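Any read-out appearing in this document is the output of simple, stated calculations on the displayed coordinates, not a laboratory observation. Keep in mind the model is a prediction, meaning the values are calculated, not measured. Using ideal geometry, Cβ is built from the backbone for each residue, glycine included, and neighbour counts are taken over all protein chains shown.
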Amino acid sequence: MPQLEVGGAQPYTVTVEAGALNRASVPETRVALIADAGLPTGSVVRAEQAFRPELTITVPRGDACKTFEVLGGVLSRLAAVNLPRDGAVIGLGGGATTDLAGFAAACYLRGVAYYSVPTTLLGMVDAAVGGKTGINLPEGKNLVGAFWPPRAVWCDPELLGSLPPAVFREGAAEVYKHGLIADPSLLSRVLSPEFRPGQRGFETTLADAVAVKAGVVTRDLTEQGERAYLNFGHTLAHAIEAVTRHGISHGDAVGYGMHYAALLSREMGGADLSGHTRRFLEWQQPRPLPPLDFGELNAYMARDKKADSAGVRFVLLHDLARPYLARVPEETLQSGFGEWQAELGSLRSLNF
Ligand SMILES: NC(=O)c1ccc[n+]([C@@H]2O[C@H](COP(=O)([O-])OP(=O)(O)OC[C@H]3O[C@@H](n4cnc5c(N)ncnc54)[C@H](O)[C@@H]3O)[C@@H](O)[C@H]2O)c1
C-alpha cells in the first residue's frame with residue numbers, strides 16, 4: 001500500500017491507493033463519522049462498513065458547513081451520545097467537510113482523535129494533509145480554526161469517480177501548483193488524458209502530489225517559512241474569489257492566479273514560465289471572469305495574509321521548483337495585471 005509519512009510532533013500516515021477505504025480502520029472503539037451531504041450514498045456506506053461509527057452526522061455540502069451553527073450542531077450530537085475522550089471523529093468529504101470535522105474534533109472535550117477521508121481531488125492533495133482545520137466567519141473565510149493534525153488520512157481514488165468534472169478540474173489547479181513549486185514532473189502528467197481516476201498512472205500522480213504537501217508540512221507545519229510557497233497563485237485568486245463573491249470557484253481562481261504569478265515572476269527577473277500556466281488554463285477551461293478592476297483587486301490583495309505593514313508579499317518562481325517570497329512594487333502589479341488581462345482575452349477567443 002503506498003504510504004506517505006507526515007512528520008512533526010505527531011507523525012501520521014497518508015495512504016494513497018484505490019480501495020484504501022475498504023481496508024481502513026481505527027483503534028478507537030467509539031467513533032463518529034461526519035459526512036459530506038454531497039456524497040453518493042455508496043461512499044458513505046463504504047465508510048460506515050470500514051469504521052462502524054455509532055453515529056453518522058451528515059453536514060451541508062461545501063462551505064455551508066463551515067459555520068458556528070453547523071459546528072454547534074455537530075458538537076451537541078457528539079455530546080448527546082457521550083462520545084468519550086478516547087473516542088474518535090472521522091471526516092468524510094470535500095475540503096469543507098474535513099475542515100469542519102477536524103475542527104469539531106479539536107474542540108470537543110478539548111480535543112479527540114481525528115481521522116480524515118478526503119473525497120475531492122483538492123481534499124486529497126491539499127486540505128486533508130497538514131493539520132489546518134476551521135470554519136468561516138461572515139467577515140471572511142477560515143478566520144476561526146486550529147492546527148489539529150489527523151492520526152491518519154486515507155486517499156482512495158475510487159471515491160473521486162462521482163466527482164463532477166468541474167470540481168475535479170478545480171482540484172487539479174493545486175496539483176499543477178505542486179508541480180510548479182516543487183515537482184515539475186507533475187506538469188505534463190496533469191495535462192495528459194491519463195489524469196483521471198481509474199486510468200493507469202493516476203494513483204502515482206496523486207501520491208506524488210500528496211507527497212509535495214506532506215513534505216512541506218513536515219518541514220513547516222505552522223507556516224513559519226516554506227509552507228507559504230503553497231500559496232503560489234493564491235494572492236490574486238483570493239482577491240478574485242472575494243470580488244466575485246465566490247462566483248468564481250477557488251480552483252478556477254487559482255488557475256487564473258497562477259498565470260498572473262508566472263507573469264510577475266518573469267517581470268521580477270525569473271524564468272518565463274507563463275507557457276506552463278497558459279497551457280494549464282487552456283486545459284482547465286475555468287469559468288470566464290467578469291470585468292475586473294485592478295484597484296478593487298489590489299485592495300483585497302493588500303489584505304492577504306502574506307501582507308505586512310511594508311506591503312504585499314507574493315510567492316514567485318525563480319524557475320520551476322524554485323519558489324521565493326518577494327514584495328512586488330505596485331507598478332509591476334499593475335502592468336502585470338494589464339498583460340494578464342490581455343492574454344486572457346486572447347485565450348478566451350481561442351478556447352473558452
Ligand atoms: N485545511 C486546509 O489546509 C485547506 C486547504 C485548501 C482548502 N481548504 C478548504 O477546502 C474547501 C474546499 O474544498 P473542496 O474543493 O474539496 O470543495 P468542497 O468541500 O466545497 O466540495 C465541493 C463539492 O463536491 C462535493 N463532493 C465532495 N466529494 C464528492 C464526491 N466524491 N462525489 C461527488 N461530489 C462530491 C461536495 O458535496 C461539494 O458540493 C474550502 O473550504 C477551503 O477553505 C482547506
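Points to keep in mind about this one:
- In a fully extended conformation the segment linking Ala342 and Arg110 would gain 78.4 nm over its present Cα-Cα distance, using 0.36 nm per residue.
- Per the Debye formula on identical point scatterers at the alpha carbon atoms of the range 181-260, with no solvent, log10 I(q)/I(0) at q = 0.15, 0.24 Å⁻¹ is -0.68, -1.11.
- Helix 250-267 vs. the chain, principal-axis angle (Cα, 0 to 90°, nearest 10): 40 degrees
- Alpha-carbon Debye profile of the range 3-165, log10 I(q)/I(0) at 0.19 Å⁻¹: -1.20
- Each of Ser25, Ser249 was scored by other Cβ atoms within 10 Å of its Cβ. Arranged with the fewest first, they read Ser25, Ser249.
- Cα long-axis angle, helix 165-181 against the chain (0 to 90 degrees, to the nearest 10): 70 degrees
- Centre separation in Å (Cα based) which lies between the range 206-278 and the range 73-138: 25 Å
- D (Stokes-Einstein, µm²/s), Kirkwood Cα radius, the range 107-188, 0.890 mPa s at 25 °C: 170 µm²/s
- Trypsin sites (Lys or Arg not before Pro), loop per DSSP, at most 12 other Cβ atoms within 10 Å - longest free stretch of the chain: 86-199
- Two-site FRET efficiency, Gln334 against Glu69, from Cβ-Cβ distance with R₀ of 56 Å, rounded to 0.05: 0.85
- The convex hull of the Cα atoms of the chain, projected and averaged over all directions, covers 16.4 nm².
- Positive-end residue of Gly62, Gly295, Leu109, charge dipole of the chain with Cβ unit charges: Leu109
- Mean shadow area of the range 232-352 over all directions, Cα convex hull, nm²: 6.7 nm²
- C-alpha long axis of helix 68-80 to longest principal axis of the chain, angle in °: 20 degrees
- Extension gain from Ser188 to Glu5, taking 0.36 nm per residue of separation minus the Cα-Cα distance: 63.3 nm
- Spin-label zone in the range 143-182 - amide nitrogen under 15 Å from a point set 7 Å from the Cα of Arg23 along the C-beta vector: 153-158
- By the beta-carbon count within 10 Å of each Cβ, the least crowded to most crowded order of Asp319, Asp220, fewest first, is Asp319, Asp220.
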